[in-house]
Amino acid sequence: MTNGGLGPLGDGATVAVIGGGPGGTATAIALRREAKALGRTVRVIVVESKQFSGEQQYNQCVGVLSPPIVDLFQKELEVPFPHLLSQTVIVGYVLHTPRQQIVLDGEGDTSISLRRIQFDAYMLDAIRERGVEVLHARVTGLEFHTDRVIIYTEKGPLEVDVVVGAFGMDEGTGVLFADAVGYKPPPALSSVVTKYHPGEASMTKFGNRIHAFLPTLPRIEFGAITPKRNHLTVNIAGATVDANLMDIFLRLPEVQSALLGIEVVLSSRSTTEYLRYFKGRFPRGLARNFMGDRFVMVGDAAGLVRAFKGKGVTSAIQTGVRAAHTILHVGISGRAFRAYRTANADILDDLPYGQAMRHLSILASHLGVMDFIIQVAKTEPGLRQALFDAVSAHRSYQEVVRQGLTRSSVRAMLVALVRGNSLRLIV
């Protein structure tokens, strides 16, 4: 504890990072790396209640890492990317509506699917190797003072200069920050996740594409099936999704067709233990009061993700690196953290576009308009590329809108809508 003021973190100062996921570990690595480059010694403590080693926990994150994740590891963290943990290299997507489907294969970088629990364990090992302390304990209280922050944990208190919130959507920690500094968690969607082992032959037949679904069910905004080496991860998302909705989703004809025989698994109540459901949440907008004197949030805790698709791991790492840079170069006051907000302009400026696309996609799916969009995309390369970018999160939604809403694509969609409605009237 040497920084009595709120300027850039000085030599001998201490930072606590609450949360040992991608955002927290990236912040810790960036702090140690940049402090060393500046000739400063900074103590970094990551507080994480879960044990990732031995796969003792289940992480509801689907675990698809999209570009520029490898570049972030190599250039921003100087940590080898864990290619050995890769379970499947995702070469593309198949977008489904109840009556249409389209294969979407982009150009350039691919995405990688892996098990998040293994990835998180790898990152914790990486920070330990770089001199970061890891405290396995739950935070029980927070006190913010003019000259320090006191963090109460199950294993004793910590006194630090600044605290970084990297706790994702953990409600308990969110309440502690709400009581201490008026933090309000980001609005969120619920997610139900399960996995299915169809056998080696079926996995080979399924291939290396993620199947994404836009059903007409009012409470399910989207669903997906992701290949993971020896199993398929299935997830649905919406404001109020639950286990019953997952059952309904799994029985949809378009889902049954993609799942290659899962209807046999669901035909007997005795198999309910085979398909275990896990529930989680992920942000769909920005948190309030996510930065101030001696505190800043990163990743999901701040709501700094793509509003519709997520891209949570990549965004968490990006925001963690930016938070570390601000702490060391600008300061740890609420005013100083305005620079952190500016550094995240690429995410913040894209949020309105992502939120608008989310609502338009829901409306289009429920009205059946998405069928016509997919129909047009099959012959309109620009619209097809825009759909790929929207589903894969490879580009911002601003770029997706600009690329997809060309004169030719809009004209083609209108023609398809008119023809489709005419055929319905005739029938």
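Quick note: the coordinates plus some simple rules give every number you see, no bench work behind them. Everything quoted here is computed from the prediction, not taken from an experiment. Heads up, the Cβs are rebuilt from the backbone with ideal geometry, glycines too, and the neighbour counts pull from every protein chain shown.
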### Query
Given only helices, namely DSSP H runs of n ≥ 4 each adding -39500 (n - 2.57), what is the per-residue ellipticity at 222 nm of the chain, to the nearest 500 deg cm²/dmol?
-12000 deg cm²/dmol
## Note on the structure
Semi-axes in Å, largest first, for region 11-151 (Cα gyration tensor, √(5λ)) are 34, 19, 14
#### Entry: About the Cα centre, charge dipole magnitude for region 34-187 (Lys/Arg +1, Asp/Glu -1 at Cβ), debye
160
### Query
So for 200, 48, fewest C-beta neighbours within 10 Å to most, what's the order?
200, 48
### Query
Dipole size in debye (nearest 20) for the chain around its Cα centre, Lys and Arg Cβ +1, Asp and Glu Cβ -1?
860
### Query
Between region 346-372 and region 107-159, what's the alpha-carbon centroid distance in Å?
34
### Cross-link partners of residue 228 among aspartates and glutamates (Cα-Cα below 18 Å; sequence separation of 8 or more within a chain)
55, 120, 200
### Query
In whole angstrom, how long is each semi-axis of the equivalent ellipsoid of the chain, when you take the square root of 5 times every eigenvalue of its Cα gyration tensor and sort them from largest down?
40, 24, 19
### Message
I need the calculated FRET efficiency for the pair residue 105 and residue 184, taking r as the beta carbon distance and R₀ as 41 Å, to the nearest 0.05.
### Response
0.55
### Query
Once both labels are modelled 7 Å past Cα along the beta-carbon direction, what's the residue 145-residue 349 spacing in nm?
4.2
### Query
Per-residue HN-Hα couplings for region 349-355, Karplus 6.51 cos²θ - 1.76 cosθ + 1.60 at θ = phi - 60°, whole Hz, x for Gly and Pro?
5, 8, 4, x, 5, x, 5
### Task
Give me the net charge of residue 169's neighbourhood, meaning all other residues with Cβ under 9 Å from the Cβ of residue 169; Lys, Arg count +1, Asp, Glu -1.
-2
#### Entry: region 77-98 residues near the modelled residue 399 label - backbone nitrogen below 20 Å, point 7 Å along Cα→Cβ
90-94
## Note on the structure
Residue separation between residue 11 and residue 51 times 0.36 nm, minus their alpha-carbon distance, gives in nm 11.3 nm
#### Entry: Interchain or long-range residues, amide H under 5 Å from residue 284's placed H
188, 189
